[in-house]
Amino acid sequence: MVALVNNAKTAVLLGALFAILVAVGSVWGVQGMILGGVIGVVMNFSMWFFSDKIAIASMRGRAVDERSAPALVAMIKRLSQRAGLPMPRVYVCPQQAPNAFATGRNPRHAAVAVTVGALQLLDERELEGVMAHELAHIKNRDTLTSTIAGTVAGVLSMLAQFAFLTGGGQNREGGHPLIGLFVVIFGAVGAALIQAMISRSREFVADADGAAIAGSPHGLASALRKLESIARRVPLDQPNPALNNLFIVEPAMRFGGSTLTSLFATHPPTEKRIAALLGSR
């Protein structure tokens, strides 16, 4: 029931993102509204087929197998069997900042990736918890959802910048350009908020399901503590902030706990994630 509610909420939020994109396009008139809808359809179609390639390329991931990374591949194969999933492709990324992510349009076309920093930082139990969390995202089909949400938010952000340059665009005849500018900026902010809401809700589900796949919540809880601690000091070389929601901990960590920053965070506070993990067992 909980999973059903979260899936329904995600669908509603994705629909809201698409509606915002169309509404922002309307600032440039009916043609702009139609163009916004077309962009949304084309973008979602593209993400369906190419989301994994985009994410892995942005992180300079290198494919590994039983010969190049036997322990890692064997671990993921074992966890995949427990989860009832096909074996995903496995990548190692060269960044020293410890992190991991999963991507792909469905379980048959999925990939998991982990940075060199995470492999060096985490012990076997902790790494198993992290990989189980990523496999839970694949099982729940969160990977495609997160990529689409991030892409829509990124497009709206670019439209906001364009609106600044054009003075708000050409909205309805007689409309004030400042109103158009406000609509575009409001749309970009609203999209970022919706993206964050989608991501945060899916992280809690993936934590719980990942703990079930691993057989214990303790490895993941310990890994989250370590990952957050290092993320405070070692920034991730990740060129596309719109994809922050793919990672197990937010690369551009927002600390300080203010209401405003927590609204835009793509991950729940780590202490809340750990509390939910350990409180559920």
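The values are calculated or read from the model by the stated rules, or taken from the named source; none is laboratory data. The model shown is predicted, which means the values in this text are computed figures rather than measured ones. Positions of Cβ are generated from backbone atoms using ideal geometry, with glycine treated the same way; all protein chains shown enter the neighbour counts.
Details
Yes/no per residue for (1) closer than 20 Å to M131 by Cβ; (2) acidic (D, E); (3) modelled with pLDDT under 95; (4) crowded, with 20+ Cβ neighbours inside 10 Å:
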| site | (1), (2), (3), (4) |
| --- | --- |
| S201 | no, no, yes, no |
| A206 | yes, no, yes, yes |
| I213 | yes, no, no, yes |
| G219 | yes, no, no, yes |
| R233 | no, no, yes, no |
| L236 | yes, no, yes, yes |
| N240 | no, no, yes, no |
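- Scan of region 96-125 for residues that are of a type in the set (S, T, N, Q), outside any helix (DSSP H, G or I) and surrounded by fewer than 19 Cβ atoms within 10 Å (Cβ to Cβ), ordered by number: Q96, N106
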